[in-house]
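Report on the structure given below.
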Amino acid sequence: MKKTLTLSALTIAAAIALAGCSTGSTGSDGSSMPNMTHGGSGMHSSSAPAAAEFNEADAVFAQLMIRHHAQAVEMSDLMLEKEGIPATVTDLATRIKAAQGPEIEKMTAWLKSWNQPTEMPSGMAGGHSMSGMMGQEDMTALRAGQGTEAAKLFLTQMIAHHEGAVTMAKTESTDGKYPEAVQLAKDIVTAQETEIQEMKDLLATL
């Protein structure tokens with residue numbers, strides 16, 4: 001009787017294993033399974049609809065925009081720490097931080113779900129650029145600035161920063177495949193073009 005039960009248990013276990021192998025998808029630990037398609041066709045994942053594939057443009061967009069947004073948040077934080085900044089400018093900095101912080105988290109989650117690094121590997125950035133990023137000297141100047149002059153510098157830098165983000169987002173809108181990433185790119189274009197005009201108007205009043 002014991003031998004019969006043992007054989008039955010082994011038979012059931014084998015059937016379960018065969019069933020699991022036939023559906024290759026994302027494992028319980030988030031690792032990729034054999035039926036995932038790579039390259040331009042994107043990847044399937046059981047954590048998202050089968051149609052929600054991504055391509056290289058989506059991954060590059062997320063990797064670069066995370067860094068781009070992070071600098072915008074840093075610049076906004078610098079303004080919020082200063083005294084004597086016009087309320088209109090601190091309000092803008094608050095809104096930029098509130099919008100871009102959650103977007104960083106969203107793009108980071110996408111990359112993790114795609115089993116992609118959250119930063120582009122060293123040496124892989126050839127052909128990809130982050131327009132509008134501030135250099136070390138720019139950030140040093142912003143940290144040192146005070147009052148109205150700091151506000152003017154922030155607005156001037158952030159206009160260039162936003163223009164770079166819009167360029168990157170338009171590329172994703174054209175070349176991307178992952179629906180949520182393409183939609184985010186379109187939202188970034190709309191929001192940041194509006195803020196660019198707002199910042200130009202603010203500069204004219206300072």
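The values are calculated or read from the model by the stated rules, or taken from the named source; none is laboratory data. Here the structure is a predicted model, which is why all the values come from computation and not from measurement. Backbone-built Cβ (ideal geometry, glycine too); neighbour counts: all protein chains shown.
A quick yes/no check of all residues on (1) farther than 18 Å from Thr156 by Cβ; (2) at pLDDT below 95; (3) surrounded by fewer than 20 Cβ atoms within 10 Å (Cβ to Cβ):
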{"position": "Ala70", "(1), (2), (3)": "yes, no, yes"}
{"position": "Ser76", "(1), (2), (3)": "no, no, no"}
{"position": "Glu81", "(1), (2), (3)": "yes, no, yes"}
{"position": "Leu92", "(1), (2), (3)": "no, no, no"}
{"position": "Ala109", "(1), (2), (3)": "yes, no, yes"}
{"position": "Gly123", "(1), (2), (3)": "yes, yes, yes"}
{"position": "Met134", "(1), (2), (3)": "no, no, yes"}
{"position": "Asp138", "(1), (2), (3)": "no, no, yes"}
*Unmet criterion (only one of (1) touching a residue at least 60 places away in the same chain (Cβ under 8 Å); (2) assigned to a helix (DSSP H, G or I)) for Thr167*: (1)
*Would you check if Glu53 is modelled with pLDDT of 95 or more and of a type in the set (D, E, K, R)?*
no
*Could you please let me know if Met130 is modelled with pLDDT under 95 and either buried (at least 17 other Cβ atoms within 10 Å of the Cβ) or more than 20 Å from Glu56 (Cβ to Cβ) (or both)?*
yes
*Look at the range 111-120 and say how many of its residues are surrounded by 13 or more Cβ atoms within 10 Å (Cβ to Cβ) and farther than 21 Å from Ala72 by Cβ.*
4
_So for the range 145-153 (the condition being buried (at least 20 other Cβ atoms within 10 Å of the Cβ), at pLDDT 95 or above, over 14 Å from Gln71 (Cβ atoms) and among the β-branched types (Val, Ile, Thr)), does at least one residue qualify?_
no
*Are any of the residues in the range 104-122 under 25 Å from Leu142 (Cα atoms) and of a type in the set (A, V, I, L, M, F, W, C)?*
yes
*Is it true that some residue in the range 171-181 is under 16 Å from Ala57 (Cβ atoms) and free of Cβ contacts under 8 Å to residues at least 40 places away in the same chain?*
yes
